[in-house]
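First up is the structure itself, then whatever we jot down about it.
The values are calculated or read from the model by the stated rules, or taken from the named source; none is laboratory data. Predicted model, so just to flag it, every value in this text is computed and none were measured. Note that each Cβ is placed from the backbone with ideal geometry, even for glycine, and that neighbours are counted across all protein chains shown.
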Amino acid sequence: MKQLYRGLLIFLTTLARCAGARLPPATASVPTLSPGPAAARQGGAQAAATAPSAPKVTVVPVRTVAPSETQPPGETSQPSVTPTFEPLIPTPTLAPLDEAQRTAIFEEVWSIVRDNYVYEDYRGVDWEAARDEFAPRIAAAGDPEIFYVLMRELISRLGDEHSRFESPQQVFEQQAESRGDLRYSGIGAQIRAVEDGGLLVNLVPGGPGERAGLRQRDIILRVNGIPFTDTAAFGPDGPIGAVRGEPGTPVMLTVRSGTEAPRELAVIREPVDLDLFNQVRARTLPGGAVGVIEIPSFYVEGVDVEVRKAVEGLLAAGTLRGLVLDVRENTGGYVHLMRDTIALFHDGGSIGSTRGRSINEDQAIPTGKTVPGVAGLPVSILVGPDSASAAEMFAAGMQVLGRARIVGVPSAGNTENLYSYSFDDGSRLLVAQVAYRLPDGTLIEGRGVVPDRYVNVEWWRYAPDADPQLLAAVEELGLAPMGHAGP
């Protein structure tokens with residue numbers, strides 16, 4: 001079987017026009033170029049006339065987005081509840097920009113990259129030639145949509161899969177998501193493309209999909225009778241666009257749970273809060289000696305508080321002998337939240353640094369935040385190809401501190417941190433300016449976190465408690481091994 005496709009985490013939580021184009025921020029915020037976290041989640045959508053006025057500098061990770069998927073039929077289940085719907089947040093209309101405004105933004109963006117990009121050779125790109133090529137195209141781009149497409153194309157020339165330029169619409173939606181205000185209309189599921197179809201990575205508890213009978217780790221084979229993998233048949237928005245739709249309308253899904261026969265479900269679309277996908281989840285494995293905590297993101301403020309509550313809740317049972325922290329689906333988040341989460345398990349120390357052409361910031365772990373009762377508790381961390389940026393720094397940091405054993409397959413190797421520059425039209429540049437290094441100076445960019453125990457298996461084909469990677473993580477705790485069941 002092929003290993004999980006890297007970086008194919010698709011949020012049904014994106015508005016249709018931005019599917020696959022916007023990447024949520026994550027990792028630390030720092031004011032201008034001085035060290036230390038700051039609450040700059042909004043990315044400073046307002047700035048001075050033609051340049052980022054005292055631009056907010058926000059370290060953020062990146063994830064790659066994409067689609068794909070497959071087929072069969074079965075029985076139909078009709079939802080019995082007709083929900084009351086709330087209106088979705090509208091996306092603002094792009095304001096026109098005259099040639100002088102377009103040129104000023106272009107020149108500022110070009111100069112920021114020239115002076116701050118982490119690679120002085122621009123990854124082999126002739127940055128001066130890029131300016132000569134794009135300047136006349138920018139001047140002629142009277143339509144704001146065309147202008148923003150050109151700006152995205154300019155930054156994509158760097159080819160680092162990290163740096164990006166975002167239109168005011170994308171920034172608006174990300175700000176709404178950060179505040180917990182962003183909503184979309186769909187089935188309340190988070191999907192990743194795998195070989196067989198669309199894997200349901202996450203379901204909103206009590207959401208439309210779960211109520212209709214969908215289960216976490218189900219695979220969507222067909223959408224309205226069309227194979228999920230036949231992306232061309234779905235048009236420009238792909239199968240994800242077909243799953244989304246107007247509140248109150250149905251979508252027919254053919255799904256399969258494990259090795260069971262495929263079945264058909266009708267799901268009535270509803271507005272769904274994006275924030276519901278970022279909930280920390282905790283449970284105990286059979287016997288109660290091992291706790292499992294899933295950390296889906298370091299993007300939402302307070303994630304460290306939620307992890308603390310989860311650990312304290314598991315400890316309260318009195319039988320906890322070990323913890324498994326699952327960041328296999330964690331595509332990043334704010335660096336200061338990642339550090340604060342490590343601090344729950346380890347008091348102080350350094351996990352390395354983030355360095356660039358003119359920046360060298362020590363990644364120090366706060367002191368005095370360790371959860372009472374966690375000292376001496378063995379910890380394992382599950383990682384995979386979708387563990388990216390701050391999630392990788394979390395796993396690598398716990399590893400170098402000697403606080404956790406890492407299990408799974410290498411992480412994404414995506415730890416170049418982005419700094420954010422905001423402009424007065426509401427657009428934003430995120431450019432790679434630093435890269436994370438271990439305490440000995442080793443880069444994990446492009447390599448990822450190397451597990452202490454390599455377990456290459458399609459874990460999502462197994463029942464949650466029979467997941468081979470999870471079982472291996474439990475063994476790494478030094479506890480008695482659990483029983484093992486097949487897929």
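If you check Val194 against the conditions, is it modelled with pLDDT under 90 and among the β-branched types (Val, Ile, Thr)?
Details: modelled with pLDDT under 90: yes; among the β-branched types (Val, Ile, Thr): yes.
Judged against the criteria, Val194 is a match.
Looking only at the stretch 251-303, how many residues end up being of a type in the set (D, E, K, R), outside any strand (DSSP E or B) and either farther than 15 Å from Gly206 by Cα or at pLDDT below 90 (or both)?
Step one: list which residues in the stretch 251-303 are of a type in the set (D, E, K, R), which gives 256, 260, 263-264, 269-270, 273, 275, 281, 283, 294, 301.
The next check asks that each one be outside any strand (DSSP E or B); those that pass are 260, 269, 275, 301.
Within this subset, residues satisfying the condition of being either farther than 15 Å from Gly206 by Cα or at pLDDT below 90 (or both) are 260, 275, 301.
The total comes to 3.
Out of the stretch 407-424, which residues are over 18 Å from the mean Cα position of the chain (by Cα) and crowded, with 24+ Cβ neighbours inside 10 Å?
Val407, Gly408, Tyr421, Ser422, Phe423
Of the residues in the stretch 125-156, how many are among the small types (Gly, Ala, Ser) and part of a loop (DSSP other than H, G, I, E, B)?
Adding up the residues that qualify gives 2.
For (1) surrounded by fewer than 24 Cβ atoms within 10 Å (Cβ to Cβ); (2) in contact (Cβ under 8 Å) with a residue 24 or more places away in the chain; (3) under 30 Å from Ile191 (Cα atoms); (4) under 20 Å from the mean Cα position of the chain (by Cα), each residue gets a yes or a no:
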residue	(1), (2), (3), (4)
Ser350	yes, yes, no, no
Ser353	yes, yes, no, no
Lys369	yes, yes, no, no
Ser380	no, yes, yes, no
Val383	no, yes, yes, yes
Met393	no, yes, yes, yes
Gly397	no, yes, yes, yes
Ala404	no, yes, yes, no
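Evaluate the following for Ala176: is it of a type in the set (A, V, I, L, M, F, W, C) and either more than 28 Å from the chain's Cα centre (by Cα) or at pLDDT 95 or above (or both)?
Answer is no for this residue.
Just wondering, is there one or more residues in the stretch 443-453 that are touching a strand residue (DSSP E or B) at 6+ places or on another chain (Cβ under 8 Å), farther than 30 Å from Leu471 by Cβ, surrounded by fewer than 18 Cβ atoms within 10 Å (Cβ to Cβ) and of a type in the set (A, V, I, L, M)?
yes
Report the residue count in the stretch 333-367 for those that are on the phi > 0 side of the Ramachandran plot and at pLDDT 95 or above. Spell out the reasoning first.
Within the stretch 333-367, the subset on the phi > 0 side of the Ramachandran plot is 333, 348-349, 352.
Filter once more, keeping what is at pLDDT 95 or above: 348-349, 352.
Summing the residues that are on the phi > 0 side of the Ramachandran plot and at pLDDT 95 or above in the stretch 333-367 gives 3.
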